[in-house]
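Participant: First the structure, which I've put down as structure tokens, then a few questions once you've had a look.
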Amino acid sequence: MKRLLASLALAALLPQTVFAQALPQPPEIAARAYVLLDLSANQPLAARDADVTVEPASLTKLMTAYLVFQALRDKKLALDQELTVSERAWRTGMTDASRMYIQVGNKVKVEDLIKGMIVQSGNDATVLLAEAVGGSVENFVAMMNRQAQAFGLKVSQFRNPEGLPAPGHVSTVRELGIIATRLLQDFPGEVKFYSIKEFTFNKITQQNRNLLLWRDPSVDGLKTGYTDAAGYCLIATAKRDLPNGPRRLLSVVVGASSKESRAVESQKLLNWGYSSWDAVKVYDARQVIASAEVWKGAAATAKIGTQVPVSVAVPRGEAAQVKTQLVRTDPLIAPLSQGQQVGTLKVLSGTRVLAEVPVTVLEPVAQAGMFGRAWDQLRLWLR
């Protein structure tokens, strides 16, 4: 996860991703700003004005959803729990066309409110969930901003949970990509809410505003947004099963001119990412990369590998050029603990460094007895 979040800097990534001169050029995108991320390879593929400050509009609800899912995971909230609609939640819904049509004093299940927030983009449902998780909207907004800091976001500031215009309520497409990525990776079981095409509540059926759910069967999310200042926005994600394994891309497009345009431009980015780039699987998580010699240890060698799966994205046709280089911090002297970093794995295409991933000890190695330690100490002196 940390690899992708750092990679959004496009220049200083963990793993380190460096773009060469002859990389595929993205299509012309009719939007104010965008970013395209390969979540399977943990690297960005394209971006324009990724750090320009924008109004996030209802894309804000991704951060709200993250905190709601967190509360569900921590058993502070339950899907079948009923919440009483407050006047504030009802009034917020009345200030904009995006609402679930909940009524003051009625009880609504949390699961329905989540669908109302995600599928219908209901501001009323969003505020009611925020009140339930934070105790008040103000407390919840403080939680949103603390979470933004925890994600390492530098620009994003939230003033409300629903995304209505407010002074200082801002983000960037890069940071919106980070929020969306964390949502997908930390709560993969909740992606199902984002692929729901329509939801009926109070005898009113509303369709998901993400048009790609109807046009591309590989698209299973994520969120639309619109305000006059923000324009039409869409964070879209697709997962396609390819010969070398499943691959997920994520696009963030803000400032398109219409609902149709945000869908078309997002589809262009996703299709380009799949057609112009290949994902190359290098190692599985905790796969043994090497058996390294250990000094002063109860075992002669230690199994080493990466704690995360290692994949990279390369321009189509360059997969055969991918190679690895293991740089160890020798000598490895026991005791060695599981997870202890003992080197770095570099993934290269030609001379271009695609990734640098920490290499760690997969199984602990205890210290040898007194005689074994003394013998290895002598051997080290004689090296």
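Participant: Gln81 fails exactly one of the following numbered conditions: (1) over 24 Å from Ser156 (Cα atoms); (2) buried (at least 24 other Cβ atoms within 10 Å of the Cβ). What is the number of that condition?
Facilitator: For Gln81, the failing item is (2).
Participant: Scan (1) at pLDDT 95 or above; (2) basic (Lys, Arg); (3) more than 19 Å from the chain's Cα centre (by Cα) for the single condition Lys203 breaks and write down its number.
Facilitator: (1)
Participant: Could you list, ordered by first residue, the pairs with Cβ atoms under 6 Å in which the first is in region 243-270 and under 17 Å from Thr181 (Cα atoms) and the second is among the basic types (Lys, Arg) and part of a strand (DSSP E or B), at least 6 apart or interchain?
Facilitator: Pairs found: Pro246/Lys239; Arg247/Arg240; Arg248/Lys239.
Participant: Tell me, please, whether a residue that is within 25 Å of Asn42 (Cβ to Cβ) and among the aromatic types (Phe, Trp, Tyr) can be found in region 152-165.
Facilitator: No: region 152-165 contains no residue that is within 25 Å of Asn42 (Cβ to Cβ) and among the aromatic types (Phe, Trp, Tyr).
Participant: Scan region 341-357 residue by residue and report those that are surrounded by fewer than 16 Cβ atoms within 10 Å (Cβ to Cβ) and under 18 Å from Ala302 (Cβ atoms).
Facilitator: Result: Gln341, single match.
Participant: Taking Leu164 and the conditions (1) touching a Ser or Thr at 6+ places or on another chain (Cβ under 8 Å); (2) among the hydrophobic types (A, V, I, L, M, F, W, C); (3) surrounded by 23 or more Cβ atoms within 10 Å (Cβ to Cβ); (4) outside any strand (DSSP E or B), which numbered condition does it fall short on, given that it satisfies the others?
Facilitator: Against the list (1) touching a Ser or Thr at 6+ places or on another chain (Cβ under 8 Å); (2) among the hydrophobic types (A, V, I, L, M, F, W, C); (3) surrounded by 23 or more Cβ atoms within 10 Å (Cβ to Cβ); (4) outside any strand (DSSP E or B), Leu164 comes up short only on (3).
Participant: Another question, if that's okay. What is the one condition in (1) out of contact with any Lys or Arg (no Cβ under 7 Å at 6 or more places or on another chain); (2) within 19 Å of Leu45 (Cβ to Cβ) that Arg247 does not satisfy?
Facilitator: The failed condition is (1).
Participant: For region 173-187, indicate whether the set of residues that are acidic (Asp, Glu), closer than 15 Å to Gly116 by Cα, at pLDDT 95 or above and in contact with a Ser or Thr (Cβ under 6 Å, 6 or more places away or on another chain) is non-empty.
Facilitator: no
Participant: From the list Gln25, Gln81, Gln21, which one is of a type outside the set (Gly, Ala, Ser), modelled with pLDDT under 70 and either more than 19 Å from the chain's Cα centre (by Cα) or not assigned by TED's automatic domain parsing to the domain that holds Trp272 (or both)?
Facilitator: Within the list Gln25, Gln81, Gln21, the selection yields Gln21.
Participant: Only residues in region 101-121 that are closer than 20 Å to Gly221 by Cα count as the first member; pair them with residues that are crowded, with 24+ Cβ neighbours inside 10 Å and basic (Lys, Arg), Cβ under 6 angstrom, at least 6 apart or cross-chain, and list the lot.
Facilitator: Once the first residue is closer than 20 Å to Gly221 by Cα and sits in region 101-121, its partners that are crowded, with 24+ Cβ neighbours inside 10 Å and basic (Lys, Arg) give Met117/Lys61.
Participant: Only one of these is under 24 Å from Val54 (Cβ atoms) and either outside the structural domain of Ser58 (by TED's automatic domain parsing) or modelled with pLDDT under 95 (or both): Ala97, Ala130. Name it.
Facilitator: Step by step, each of Ala97, Ala130 is checked, and only Ala97 is under 24 Å from Val54 (Cβ atoms) and either outside the structural domain of Ser58 (by TED's automatic domain parsing) or modelled with pLDDT under 95 (or both).
Participant: I've got another one for you. Can you go through Thr205, Thr224 and tell me which one is in the same structural domain as Met94 (by TED's automatic domain parsing), of a type outside the set (D, E, K, R), without any contact (Cβ under 8 Å) to a residue 12 or more places away in the chain and in a strand (DSSP E or B)?
Facilitator: After applying the criteria, what remains is Thr205.
Participant: Applying the selection to region 190-202, what residues are closer than 15 Å to Leu62 by Cα and free of Cβ contacts under 8 Å to residues at least 60 places away in the same chain?
Facilitator: Within region 190-202, Val191, Lys192, Ser195 meet the criteria.
Participant: Residues of region 194-238 being among the aromatic types (Phe, Trp, Tyr) and closer than 14 Å to Gln120 by Cβ, which ones?
Facilitator: Within region 194-238, Tyr194, Phe199, Phe201, Tyr226 qualify.
Participant: Would you say Lys346 is of a type outside the set (S, T, N, Q) and without any contact (Cβ under 8 Å) to a residue 24 or more places away in the chain?
Facilitator: Taking the combined requirement at face value, the residue satisfies it.
The values are calculated or read from the model by the stated rules, or taken from the named source; none is laboratory data. Only a predicted model underlies this, so the values are computations on that prediction, with no experimental measurement involved. Please note: Cβ atoms are built from the backbone with ideal geometry, for glycine as well, and neighbour counts cover all protein chains shown.
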